[in-house]
């Protein structure tokens, strides 16, 4: 039996791949952070990390390395209203009503790194509820207004899952030179 990617303490390969877009000492928001694999990843890289989750016990283990916010972001108000971050990271989580807020939370020059389950997942396992599965191109639509760096929508073998994932940057307004986003 394979261990689902979100049950490990290792950062997602997608997050690892695009972490170079996040400078050390950056303010990073990890949404629905759970046990904090990405909180730990960015904290080790010298970032100032904020982790949001409804599980107070899971967040308690992160209090020494990050600011933690216990909140039910599906049924309560967004606890970080008006705050913007150098990076917003989301994995294995989808609450459609929150997508505009998450994109708006990316500061000028900041990056959105997002990866979650997509349509087709129900054919192989959980989650199977379409409310928690991205429709084709949905993440692209949600990130409209950000500069697309990378996007994938398809099937991964290990562990087997259908995903949609994006790395996108909010370019700084009025920047004199074209930014170079290393692939």
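Taking the numbered list (1) surrounded by 11 or more Cβ atoms within 10 Å (Cβ to Cβ); (2) over 14 Å from the mean Cα position of the chain (by Cα); (3) without any contact (Cβ under 8 Å) to a residue 60 or more places away in the chain in turn, residue 171 passes all entries but (3).
Looking across the stretch 155-165 at every residue that is touching a strand residue (DSSP E or B) at 6+ places or on another chain (Cβ under 9 Å) and in contact (Cβ under 8 Å) with a residue 24 or more places away in the chain, the one that is surrounded by the fewest Cβ atoms within 10 Å (Cβ to Cβ) is identified as 155. Regarding residue 140, is this residue more than 22 Å from residue 81 (Cβ to Cβ), modelled with pLDDT of 95 or more, surrounded by fewer than 17 Cβ atoms within 10 Å (Cβ to Cβ) and out of contact with any helix residue (DSSP H, G or I) (no Cβ under 8 Å at 6 or more places or on another chain)? For residue 140, the condition - more than 22 Å from residue 81 (Cβ to Cβ), modelled with pLDDT of 95 or more, surrounded by fewer than 17 Cβ atoms within 10 Å (Cβ to Cβ) and out of contact with any helix residue (DSSP H, G or I) (no Cβ under 8 Å at 6 or more places or on another chain) - is met. Within the stretch 107-126, the residues that satisfy the criterion of being out of contact with any helix residue (DSSP H, G or I) (no Cβ under 8 Å at 6 or more places or on another chain) and either exposed (fewer than 15 other Cβ atoms within 10 Å of the Cβ) or not in a strand (DSSP E or B) (or both) are 108, 120, 121, 123, 124, 125, 126.
Reported count of residues in the stretch 105-123, each being within 13 Å of the chain's Cα centre (by Cα) and free of Cβ contacts under 8 Å to residues at least 60 places away in the same chain, is 4. Please verify whether the stretch 166-180 includes one or more residues that are more than 20 Å from residue 101 (Cα to Cα), touching a strand residue (DSSP E or B) at 6+ places or on another chain (Cβ under 9 Å) and at pLDDT below 95. Yes.
The values are calculated or read from the model by the stated rules, or taken from the named source; none is laboratory data. Since this is a predicted model, take the numbers as computed values, not measurements. So basically every Cβ, Gly included, is an ideal-geometry build from the backbone, and we count neighbours across all protein chains shown.
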